[in-house]
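Comments concern the structure below.
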Amino acid sequence: MAISVFDLFKIGIGPSSSHTVGPMRAAALFVQGVREQGLLEQVRRVEVQLYGSLSATGIGHGSDNAVIMGLMGEWPDAIDPSQIGIRIETLRETHTLLLDGRLSVPFIWARDMRLIDENLPFHPNAMTLIAEGDDGELHRDTYYSIGGGFVVDEAQASSGVVDLDRTVLPYDFSSAVELLSLCQKHNLRVAELMMANEKVWRSEEEIRAGLMKLWRAMQDCVEQGLKHEGILPGGLNVRRRAARLHRSLQELGKPNVIGSTLSAMEWVNLFALAVNEENAAGGRMVTAPTNGAAGIIPAVLHYFMKFSEVVTDANVVDYFLSAAAVGILCKKNASISGAEVGCQGEVGSACAMAAAGLAEILGATPEQLCNAAEIGLEHNLGLTCDPVGGLVQVPCIERNAIAAVKAINAAQMALRGDGQHFISLDRVIRTMRDTGADMHDKYKETSRGGLAVSAVEC
Ligand code: SF4
């Protein structure tokens, strides 16, 4: 399975990669399929069935609205998030869905948007879409949103060939041991090895430009998060904090950091809060590697860019490439989906990725980089997914800030060592996978356990 840095980092919208970005992509792919078969003009009715976790917490994550937008032919990286609410309101008033942005079909929400409290065997995030014509069903497919905005359809799921990208990479690796051995053998840093792999898909110029575009999108997201105040949508009455915190930190002035990190941690908190509040409000953001955990990687990079004496575009590129190397290991050997392995797969993976990225640009050897990732992930093991009210707000927003600080600490601890460590990165990733398998379903993005139910009692 070949995974690119651009698979792990994608410009999208909030609040959830598996429950918003994935479902929108699935619906857009469905419509594309209908169109390509020449069936679009014959469609008279569309039915949406959301299963498992998409049914349990999909409303809080905007899965229903995301599917509708996808059916309208919208894609997460291009849609204007500010228009979604207005378009949904119009649909609900007129009972009319503009399929693929051009064909009007009746859509009665209570009848055609079905939440089914049942898990399909392949993955907890499942949805079936059905297009009917005058004489019955024209097309039907089931899609699984497997985390990080990745989507597979029924054919892929039942063939077992979930990843169709069979690209042969010059330095293919499936474990940290293989990654380290390739780095050693070819005398490469992790970022250099990743760049060589990425060049299979794109020119170096395109890779650098693409990564800088992601960085600009992350900066825009923080900027938006620092502007917006008030209450987050969804009904929990969670107040946005980033704008207020920003004002008070500006009054304090810039601390002297890198080497004395504690005084900068409030800024790290700020960057993460800004991103995750934007995400919770359904704004434009970068999936990194999921939406729920999207604040960690930008917060740590913002920290470096703000407090380092010398910063270059090359730092940004190396940061993303090295973080992606660890994301690939987590995705290949465990999961980055909260619905599959709990929050350890989302926040834990992002923490490990940010720690690896920061270690790289602070000059870590490949061994130190793996150590940084291992520390970052190890101290998130067992973390359950228990969003209150099914909204990506509590505990998700603060959890990103805490994990961003943890990632910086992990990178620093690793840089003080020689790269040798007691538990290997591979072993920690395997432990995440096994812990996730043992974890009760109620702790996997169903909002039926943990804080999600305790908070209701208070
Ligand atoms: S608790 Fe973690 S995994 Fe669950 S929605 Fe929040 S950030 Fe995602």
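The values are calculated or read from the model by the stated rules, or taken from the named source; none is laboratory data. Computed from a prediction, not measured in an experiment: that's the story for all the values here. Methodologically, a virtual Cβ is constructed for each residue, glycine included, from the backbone with ideal geometry; neighbour enumeration extends over all protein chains shown.
Looking at residue 336, is it within 16 Å of the chain's Cα centre (by Cα), near the ligand (Cβ under 10 Å from one of its atoms) and not charged (D, E, K, R)?
yes
So for region 370-386 (the condition being more than 14 Å from the ligand (Cβ to nearest atom), over 22 Å from the mean Cα position of the chain (by Cα) and of a type outside the set (Phe, Trp, Tyr)), does at least one residue qualify?
yes
Residue-wise test of (1) within 16 Å of the ligand (Cβ to nearest atom); (2) more than 24 Å from residue 7 (Cβ to Cβ).
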| residue | (1), (2) |
| --- | --- |
| 206 | no, no |
| 213 | no, no |
| 220 | no, no |
| 224 | no, yes |
| 246 | no, yes |
| 250 | no, yes |
| 267 | no, yes |
| 270 | no, yes |
| 273 | yes, yes |
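Listed residues 145, 104; which is under 21 Å from residue 9 (Cα atoms), part of a strand (DSSP E or B) and touching a Ser or Thr at 6+ places or on another chain (Cβ under 8 Å)?
Result: 145 is the single residue among 145, 104 that is under 21 Å from residue 9 (Cα atoms), part of a strand (DSSP E or B) and touching a Ser or Thr at 6+ places or on another chain (Cβ under 8 Å).
What is the one condition in (1) part of a loop (DSSP other than H, G, I, E, B); (2) not polar (S, T, N, Q); (3) not assigned by TED's automatic domain parsing to the domain that holds residue 92 that residue 6 does not satisfy?
(1)
Hey, can you tell me all the residues within region 90-101 that are free of Cβ contacts under 8 Å to residues at least 24 places away in the same chain and not in a strand (DSSP E or B)? So that I can check it myself, show each step before the final result.
Residues of region 90-101 that are free of Cβ contacts under 8 Å to residues at least 24 places away in the same chain, as a first pass: 90-96.
Selection gives 90, 91, 92, 93, 94, 95.
Within region 345-398, take every residue that is charged (D, E, K, R) and surrounded by 24 or more Cβ atoms within 10 Å (Cβ to Cβ) and give me the one that is modelled with the lowest pLDDT.
Looking at residues that are charged (D, E, K, R) and surrounded by 24 or more Cβ atoms within 10 Å (Cβ to Cβ), I get 386.
Can you pull out the residues in region 214-228 that are under 17 Å from residue 287 (Cβ atoms) and touching a residue at least 40 places away in the same chain (Cβ under 8 Å)?
214, 215, 217, 218, 219, 220, 221, 222, 224, 225
Within region 318-329, can one find any residue that is within 16 Å of the ligand (Cβ to nearest atom) and surrounded by 24 or more Cβ atoms within 10 Å (Cβ to Cβ)?
Yes.
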